[in-house]
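A quick write-up on the structure given underneath.
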Amino acid sequence: MSEQTVLMLAEKDDAEAVYVSNALDRRGVRGAWFDTASFPRDADASFRVREGGWSGEITTADGSLRLEDISAVYYRQPQPFTFPDTLSEPERRFATVEARFGFGGVFMSLPVRWVSHPGRLADAEYRPLQMATAARCGFSVPMSLLTNRPDDARDFARAGRAVYKATMHKLISEDNHVKLIYTTPVAPSAIDERVTTTLHLFQSNIPKVHDVRLIATGGEHMHAVAIHSDTEAGRQDFRAAYDTLTYKNTSVPPDVARACHGYLRALGLGLGVFDFAVTGDGTWWFLECGPGSQWAWLQEETGAPIADAIADTLMGVDA
């Protein structure tokens, strides 16, 4: 066990990565950090391809890491490379692409465990794919419409309570301010020709009593936290009212657990952060699965051993 080394592809102050690194350290496993933002300012690398694949090392301020020593990779939102200010913009773009495809190609060629593989993560970011996969895996999925036709959108909204959700970019920058796009109730009268400009995702507004964020691993560990709010805004979208939220570890219905593991297998993920809306009759409605979503604050609030579950998966230890 002490011979294992997990490559931490993450910012050094990323809360989720710090928790996982600490869990690995408790197991006697080295967590070797490579913050991509440190390259080439504070890091360098040299690799050679041989009969068995790529070999070589990365050197950072913390020391050197040989590719041959890596047993697993924890991939957690690595940041852009940092290049000298002396580069022109075309030079900077060229250097970025070369570094991205150079490092990315070397890392993804390694025969190691990933949580999760970048190629699988890229596919899993597509919300329509998430929803279709969830339906095939047996989750309850809200009625949904993806359209740029105003008449179809109005008909959908008239059929019942509807909300609008962004399919991908939940943050927008406008007038030098960063704004978050929340889940927003939509009345038929509010839908006009602006819908024609792009695809819009509308869903039935689930009358939930609370939310659940569930963290499942490819090693079949699973931890779920019920998220309650005593405000209407917090129940509609808990991101809008963090100061009203309370948290409690909760059990997972067997059919939901089976669907979660089936979902991870279907998309080849080592980790899934699932969001559910739970209604009064006990139904867990699938909202999304963000493979890179946050969970550290839930471990802090509840003591759920999420980082330990991820560390076990990186080590190849099943639940």
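FYI, it's all coordinate maths here, none of it is from the lab. None of the values given here were measured: they were computed from a predicted structure. We place every Cβ from the backbone using ideal geometry, glycine too, and count neighbours over all the protein chains shown.
Numerical summary
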quantity: Kirkwood Rh and Cα Rg combined as Rg over Rh, evaluated for segment 5-115; calculated: 0.97
quantity: Per residue convex hull volume, Cα atoms of segment 57-191, in Å³; calculated: 203 Å³
quantity: Mean shadow area of segment 39-89 over all directions, Cα convex hull, nm²; calculated: 5.1 nm²
quantity: Compactness relative to 2.2 N^0.38 Å, alpha carbon Rg of the chain; calculated: 1.10
quantity: Rounded to 5, percent antiparallel among DSSP beta bridges of segment 5-115; calculated: 45 percent
quantity: Helix 15-26 axis, angle to the chain major axis (alpha carbon atoms, nearest 10°); calculated: 50 degrees
quantity: Expected 222 nm ellipticity per residue - DSSP helices of 4 or more, -39500 (n - 2.57), all of the chain, to 500; calculated: -9000 deg cm²/dmol
quantity: Long-range HN-HN contacts of Leu271 with modeled amide H, under 5 Å; calculated: Gly218
quantity: Virtual spin-label span in nm between Asp151 and Asp255, 7 Å along Cα→Cβ; calculated: 3.7 nm
quantity: Pairwise centroid distance, computed over Cα atoms, of segment 127-161 with segment 227-296, Å; calculated: 18 Å
quantity: Using alpha-carbon coordinates, inclination of helix 254-267 to the longest axis of the chain, degrees; calculated: 50 degrees
quantity: Degrees between helix 89-108 axis and first principal axis of the chain (Cα, 0 to 90, nearest 10); calculated: 80 degrees
